[in-house]
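Encoded as structure tokens, the structure appears first; notes follow it.
None of the figures in this text is laboratory data; all of them are computed from the coordinates on show. Keep in mind the model is a prediction, meaning the values are calculated, not measured. Using ideal geometry, Cβ is built from the backbone for each residue, glycine included, and neighbour counts are taken over all protein chains shown.
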Amino acid sequence: MPNHTHHTHHSQPAPFVATCPDCEIERSSESATELVAFYRRHHGHTGHDIVVTRADLEFGAALDAADGVAAVVDGLDARYGVDKHDSTESGTAGVPIGIVVAAMSERGFTVGETLEEIADVRMTGALYEPRDDHLAAF
């Protein structure tokens, strides 16, 4: 099948790229959260999962490769969770779900597996969603 890559800049690849191993369709984006939207659309139509193949993430602190999703969200919160339009006293705005998906991809999780893990951990009360498609740890 053809490779449907979309580069957002002429010479630089997008910071986030995901691929469906079954269809060989690739999606590039400036936003990690757009990869989650791509997964939701693609999985809804095909039932296929996707894998993140490129993720340019900025970590304020090193994350342990064995960390589960709650620990990953907690570790990412200092860098990605503070709402830039708000004061730090107001708490976290949450880590964008796409950033969590990208970080979990480095641990071998597909997008679908990560979303399932997030749902399972949310049921334990260890994670919450302060706003749509953003996560924070208790």
Computed lengthening from Arg131 to Arg40, 0.36 nm per intervening residue step minus Cα-Cα distance: 30.9 nm
5 angstrom amide H check on Val95, placed H, neighbours 5+ away: Leu135, Ala136
Relative packing of peptides 18-27, 94-103, 115-124 - highest average C-beta neighbours within 10 Å first: 94-103, 18-27, 115-124
FRET efficiency, Ala119 to His48 (Cβ-Cβ, R0 22 Å, nearest 0.05): 0.70
Pairwise FRET efficiency - Asp67 versus Glu24, Cβ, R0 = 25 Å, nearest 0.05: 0.25
